[in-house]
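Here's the structure we're looking at; comments come further down.
Readers should treat all values here as calculations from the given coordinates under stated rules, not as data from a laboratory. Note that the coordinates shown come from a computational prediction; the quantities given were computed from them, not determined experimentally. Ideal geometry is used to build each Cβ from the backbone, glycine not excepted, and the neighbour counts take in all protein chains shown.
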2 protein chains.
Amino acid sequence: MNLKQLSQNLGLSQTTVSRALNGYPEVSPATRARVEEAARAFNYRPSTRAKGLATGQALAIGHVIPMSSKHEMVNPIFGDFIAGAGETYARHGYEMILSIVDDKNEANVYQGLKSRRAVDGVIVHGPRMNDMRIPLLDQLGLPFAVHGRASGCTVPYAWLDVNNRSAFERATNYLYDLGHRRIALLNGLEDMDFAHRRRDGYLSSLAAHDLSPDTALMRSGEMTELSGYGATREMLALPDAPTAILCSSLISALGVRRAIEEKGLVMGKDVSVITHDDVLSYLKNGDDVPIFTATRSSVRDAGRKLAEMLLDAIANPEAPPQTVLLEAELIVGASTGPAPRKD
Amino acid sequence: MNLKQLSQNLGLSQTTVSRALNGYPEVSPATRARVEEAARAFNYRPSTRAKGLATGQALAIGHVIPMSSKHEMVNPIFGDFIAGAGETYARHGYEMILSIVDDKNEANVYQGLKSRRAVDGVIVHGPRMNDMRIPLLDQLGLPFAVHGRASGCTVPYAWLDVNNRSAFERATNYLYDLGHRRIALLNGLEDMDFAHRRRDGYLSSLAAHDLSPDTALMRSGEMTELSGYGATREMLALPDAPTAILCSSLISALGVRRAIEEKGLVMGKDVSVITHDDVLSYLKNGDDVPIFTATRSSVRDAGRKLAEMLLDAIANPEAPPQTVLLEAELIVGASTGPAPRKD
DNA sequence: TCAATTTTCCAAAGCGCTTTGGATATCTCT
DNA sequence: AGAGATATCCAAAGCGCTTTGGAAAATTGA
């Protein structure tokens, strides 16, 4: 069923039917009702492609998911993020189109989306330091919004980020106040922007308390259970082992806990742990009482909100880019406690 | 840059340029080269929408991700699955469009995709027992392929599935051969088709060895770390605790291990564990030596392959639906060992 | 009652591509 | 050299929608 057939069925012109369906005023309430009724009956929906051609809009947003070509790893937060974004799109009649692409071909993909006019805008995932995608998109003139930020980018752009710096600074402070002096940082990959900010927050807290950072206690890498386990195991074997560990993801925190318990130590007593918690749907941090003390910020909410920002930016292109900085909650769970006394 | 402008630039007709770019024979090698060169120089790509309108194809595949409205949970395997599927689409010039939808509105979404002609076909995720989506899609005439199967569906359809039944049967046999007699099953949600098949395999092995199933040792639910932990904790507290646990996902296996170790027991010695491993990129089962003995089947490969099957089916609609049944590997890791002697 | 509005509807152009049905130029063969 | 084949290109229609510029019908005002 297409517009032509529908309008013939109704004995009306395509114009009138189109207008009735799109809420234009120049059609009487009576015929509008008749048209809507018929559209429902025949299960008519305008072809996205035809509509897009006619209006010049794509009614679609692109999500370009970078995949580390080294590790072939897709970001585990990604599922929940797009679940949030998808809600927003559904509400606004937009489609989400997804490209998963290894880091090399990224520029190509953005160019393609632009020149094929496949999307009205894109969401940038996993920004790195000095991310070249941002100037690229800016130059292409393709509206975009970034989940996170990219230090070193000079052009203004729309972003939504968790205040990773302050979150990790507060977390470190909290551990300091509990008496911890040997505090380790298990960070994400160095070139990811968020990792950089988290380290800044961590270092800033150490500095504020006249603690000098120890590179033996600062790790970074992919955030897997195994890497959390391995790093913790190594660090606990040090002569001057850390009494507290700051961890970048709940997944690696599981590994941290395992290494602690394997050594016969008790988390929250012998070793304190704070992790960042993205509130992933398949990885809850406990039921009522959180297992881990955590800096918490829902990545699904972030998806919802950032999608809204992008749609806003598309709707009024003249407005300056919005930016949102979310403060993570610091929620106290069972994984932190006072630093053990030295004997 | 559009076709018209490009062809004017070249002093050729749109027809010729279009043909040159699409590999039609009725254009001389010389002009074809000239056209391709110019297209590259001007970064020309045909508008997807216009092309789609003209050809009647969408060059897009829909993925409808059901989200349990109860738990708001997105399937954690989903990221890796679409990473695989995405590879295939990229190779064939298809786009992936994603809808995340709660179970109630699903029918609507499929209808919408069909009548708006937004996609050439869809992948069905997370099939349940007697899944009504399959007859629906069949009736709509929208090509589709299912990741998994749906017991009880009578219409023929294309699917790709792991042989969950035989995998869990073999795993149970393996535990039996190690001397285990109290074997627990931590399954996924009951109404998911794969959970049903896994239980079948488990029960069939028990029956073959004259073991009668004990409902106290059979759990099912969302597969989270916490649920694995909770269930194991409870079962280990039973007077007649299991000596082996069969687990449906690596995530919940982490919880299983935690509950075991928390009780001061050693996994692989006091309690054996076998889990299913989807080979998720962010959750590796150990580096070289697997941590868990596991039934293993890469969900990313599944995505790649199933996408290919769907594109095939779209390319020749007359062919009968393909079906692929993958056998999971049974890989032996450190989590299984002979049943402990009774004292 | 009749001109001036206002409502309500329509025909046709256009969005950017593919494809049909020629037209023209170039070869081939005898 | 000239007819038939073949290679090369083009104009125009059509895909399903929106939207512009009117036209016809209904309503209003004096």
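Using only the alpha-carbon atoms, how far is helix A:164-177 inclined from the longest principal axis of chain A? Give it as 0 to 90 degrees, nearest 10.
Tilt of helix A:164-177: around 30 degrees.
Kindly put B:Val27, B:Val146 in sequence by how many other C-beta atoms sit within 10 Å of each C-beta, fewest to most. All intermediate terms of the calculation are to be shown ahead of the outcome.
Details: B:Val27 19, B:Val146 28.
So the residues, fewest neighbours to most, are B:Val27, B:Val146.
Just to confirm a number: summing +1 for Lys and Arg and -1 for Asp and Glu over residues other than B:Gly112 whose beta-carbon lies under 11 angstrom from that of B:Gly112, what do you get?
+2
How far is B:Glu26 from the same spot in each other copy, in nm, shortest first, if each label point sits 7 Å from Cα toward Cβ?
4.2
Give me the percent of DSSP beta bridges within the range A:41-186 that run antiparallel, rounded to the nearest 5. Let's see the in-between values first.
Values: 1 of 19 bridges.
Roughly 5 percent of the beta bridges in the range A:41-186 run antiparallel, per DSSP.
Calculate how steeply helix A:29-42 sits against the longest principal axis of the alpha-carbon atoms of chain A, using the helix alpha-carbon long axis, and give the answer as 0 to 90 degrees to the nearest 10.
It works out to around 70 degrees.
Who wins for biggest fluctuation among A:Val266, A:Val64, A:Val324 in a Gaussian network model of chain A, springs between alpha carbons below 10 Å?
A:Val266
Taking amide H atoms as placed 1.01 Å from N in the peptide plane, list the residues 5 or more away in sequence, or in a different chain, whose amide H sits under 5 Å from that of B:Asn75.
It is none; the list stays empty.
Points 7 angstrom from Cα along the Cβ direction at B:Asp210 and A:Ser151: gap in nanometres?
Label at B:Asp210, label at A:Ser151, 6.9 nm between them.
Angle check, please: helix B:299-315 long axis (alpha carbons) against the longest principal axis of chain B (alpha carbons), in degrees 0 to 90, nearest 10.
Once rounded, the angle reads 40 degrees.
Looking only at the protein assembly as shown, where both bridge partners belong to it, what percent of the DSSP beta bridges are antiparallel (to the nearest 5)?
15 percent
According to the Kirkwood expression over distinct Cα-Cα pairs, how big is the hydrodynamic radius of the range A:164-297, in Å?
Computed over Cα pairs of the range A:164-297, the Kirkwood hydrodynamic radius comes out at 14.4 Å.
Could you name the lysines in cross-link range of B:Lys269, using Cα to Cα under 28 Å and dropping any fewer than eight places away on the same chain?
By straight Cα distance, B:Lys269 reaches A:Lys263, A:Lys269, B:Lys284, B:Lys342.
Note down the magnitude of the dipole of the range B:17-91 about its Cα centre, charges +1 on Lys and Arg C-beta and -1 on Asp and Glu C-beta and zero elsewhere, to the nearest 20 debye.
Value, rounded to 20: 300 debye.
So if R0 is 45 Å, what FRET efficiency would A:Arg40 and B:Lys4 give, r being the distance between their Cβ atoms, rounded to the nearest 0.05?
For A:Arg40 and B:Lys4, the calculated efficiency is 0.70.
Taking just the alpha carbons, could you work out the radius of gyration and Dmax for the range B:198-265, both in angstroms?
12.2, 33
For B:Lys51, which lysines qualify as cross-link partners when the Cα separation must be under 24 Å and same-chain residues fewer than eight apart are set aside?
Here the lysines satisfying the reach criterion relative to B:Lys51 are A:Lys4, A:Lys51, A:Lys114, B:Lys4, B:Lys114.
Could you calculate the FRET efficiency of B:Asp102 with B:Ala334 from 1/(1 + (r/R0)^6), where r is the beta carbon distance between them and R0 is 41 Å, rounded to 0.05?
Numbers: r = 40 Å, r/R0 = 0.97.
For R0 = 41 Å, the calculated efficiency reads 0.55.
At a Förster distance of 56 Å, what's the computed FRET efficiency of B:Ala33 paired with A:Leu265, Cβ-Cβ distance as r, to 0.05? The partial results should precede the final answer.
Numbers: r = 70 Å, r/R0 = 1.24.
Here the calculated transfer efficiency is 0.20.
Please state the charge dipole magnitude for the range A:164-297, taken about the Cα centre, from unit charges on C-beta atoms (+1 on K and R, -1 on D and E), reported in debye and rounded to the nearest 20.
In total the dipole reaches around 160 debye.
Nearest 5 percent is fine: what portion of the DSSP beta bridges confined to chain B is antiparallel? Intermediate values should be presented prior to the final figure.
Numbers: 5 of 43 bridges.
Counting only bridges with both partners in chain B, antiparallel ones make up about 10 percent.
Taking the Cα centre of chain B as the origin, how large is its charge dipole in debye, to the nearest 20, when only Lys and Arg (+1) and Asp and Glu (-1) carry charge on their Cβ atoms?
Roughly 940 debye, rounded to the nearest 20.
In deg cm²/dmol, rounded to 500, what helix-only [θ] at 222 nm does chain B give when every DSSP H run of at least 4 residues adds -39500 (n - 2.57) and the total is split over its residues?
-13000 deg cm²/dmol
Evaluated at 4 °C with a viscosity of 1.567 mPa s, what Stokes-Einstein diffusion coefficient in µm²/s does the protein assembly as shown have when Rh comes from the Kirkwood expression over alpha-carbon pairs?
47 µm²/s
Take chain B, mark every one of the GluC sites (Glu not before Pro) that falls in a DSSP loop and has at most 13 other Cβ within 10 Å, then report the longest stretch left between them, sites excluded. Walk me through the numbers on the way to the answer.
On the way: sites that count: B:Glu26, B:Glu72, B:Glu190, B:Glu318, B:Glu327.
It works out to B:191-317.
Note down the net charge around B:Gly93, summing +1 for each Lys or Arg and -1 for each Asp or Glu among other residues with Cβ under 13 Å from its Cβ.
+1
Which whole-Hz ³J(HN,Hα) couplings does the range B:208-220 yield from phi under the Karplus relation 6.51 cos²θ - 1.76 cosθ + 1.60, θ = phi - 60°, glycine and proline marked x?
With the stated coefficients, the range B:208-220 comes to 4, 10, 6, 9, 9, x, 10, 4, 5, 9, 10, 10, 8 Hz.
Give the nm distances, rounded to one decimal, from A:Pro135 to the matching residue in every other copy, measuring between label points 7 Å along Cα toward the beta carbon; shortest first.
Label-point separations across copies, in nm and ascending: 6.0.
Between B:Val289 and A:Ala237, what is the spin-label point distance in nm, taking each point 7 Å from the Cα along the Cα→C-beta axis?
Spacing of the two 7 Å Cα→Cβ label points: 1.3 nm.
Tell me, what is the percent relative contact order of chain A, built from C-alpha pairs under 8 Å that lie six or more residues apart?
The normalised contact order for chain A reaches 17 percent.
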